[in-house]
1. Any idea which of (1) in contact with a helix residue (DSSP H, G or I) (Cβ under 9 Å, 6 or more places away or on another chain); (2) more than 15 Å from the ligand (Cβ to nearest atom) is the one Pro23 doesn't satisfy?
2. Go through the stretch 26-131 and tell me which helices (runs of 4 or more DSSP H), entirely inside it, have 1 or more residues that are at pLDDT 95 or above, within 19 Å of Ile148 (Cβ to Cβ) and of a type in the set (Ser, Thr, Tyr).
3. Report yes if some residue within the stretch 4-23 is basic (Lys, Arg), assigned by TED's automatic domain parsing to the domain that holds Ser155 and buried (at least 18 other Cβ atoms within 10 Å of the Cβ); otherwise report no.
4. Six or more apart or on different chains, Cβ under 6 Å: which pairs go from a residue in the stretch 117-136 that's touching a residue at least 60 places away in the same chain (Cβ under 8 Å) and farther than 30 Å from Glu160 by Cβ to one that's assigned to a helix (DSSP H, G or I) and within 16 Å of the ligand (Cβ to nearest atom)? Could you list them?
5. Considering only residues that are over 19 Å from Gly110 (Cβ atoms) and charged (D, E, K, R), which ones fall in the stretch 165-199?
6. Enumerate the pairs (first residue in the stretch 98-110 and under 14 Å from Tyr166 (Cβ atoms); second residue anywhere and assigned to a helix (DSSP H, G or I) and of a type in the set (Val, Ile, Thr)) with beta-carbon separation below 6 Å, excluding pairs fewer than 6 apart on the same chain, so at least 6 apart or on different chains.
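The values are calculated or read from the model by the stated rules, or taken from the named source; none is laboratory data. As the structure is a prediction and not an experimental result, all values here were calculated from the model. Note that each Cβ is placed from the backbone with ideal geometry, even for glycine, and that neighbours are counted across all protein chains shown.
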Amino acid sequence: MSIMTTGEELKNLRESILEQMPPETRFTEQDARTMQQYRMLFLSLADQLVTGFYDMLYQHHQTRQIFTEDERPQREITLKQWWQRVCYGPFDDHFWDWMTFVGLVHVVRGVNNPMMISAWGFVSEKVMEKARASLPPERVYELQGAMIRFGQTFSALISESYLKNYLEMIAGATGTDEKLVELLVKMGRQDFKGQIPGLKKDLDLAHH
Ligand code: HEM
């Protein structure tokens, strides 16, 4: 069984994912400068974020199942390292490659995208709460824009990498290859197309 494991393939995947995003929606150099400007604010949240993040994930029945009982200290270290990188940068290709790699790690550990996206919602909300309490409104808006582009850029990488590696895993496990899986999806599109009117009716969306 083979999965997408080479660094080269993950780099290509990172490039192809970012390319799909219109440039104005991607994290920019200016956004990086904005985030670095509020480094002290980000740093001051580190301990409370890490504790809150895992309290939340260990309390919820679905996310708790991802972890082993004795894993929390190690997971906290990983999140602290990630947060350090968010505080200090750099947000270079190496960082975005890391986020693409996380998509693969998450497939391996069964961390699906709703879990990842909602966990980011938790983090960004805490940052913005603190920003609203300590910065003038125009600074809050500036930071908010940077945080939104940061979140959508890294979650596009993690989630699309998750999907690609998930498909790759199916291809490997069934002895097919990625191209064949893509072809099967293309063929399936016609069947799906035929189902759309019925589904719209079922969901009372027929007027759209
Ligand atoms: C903001 C959302 C998230 C981010 C940015 C994130 C980031 C990361 C990073 C950086 C790694 C380490 C990859 C490496 O080895 O270098 C990782 C691994 C991992 N994450 Fe996430 N993660 C997120 C959400 C979650 C959630 C919601 C869960 C569980 C419900 C989770 C569970 C894990 C697990 C179990 C590992 C693998 C650890 C291992 O086996 O080495 N993550 N994640």
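1. Condition not satisfied by Pro23: (1).
2. 29-37
3. yes
4. Matching pairs, first to second residue: none at all.
5. Selection gives Asp177, Glu178, Lys179, Glu182, Lys186, Arg189, Asp191, Lys193.
6. Val102/Ile158; Gly103/Ile158
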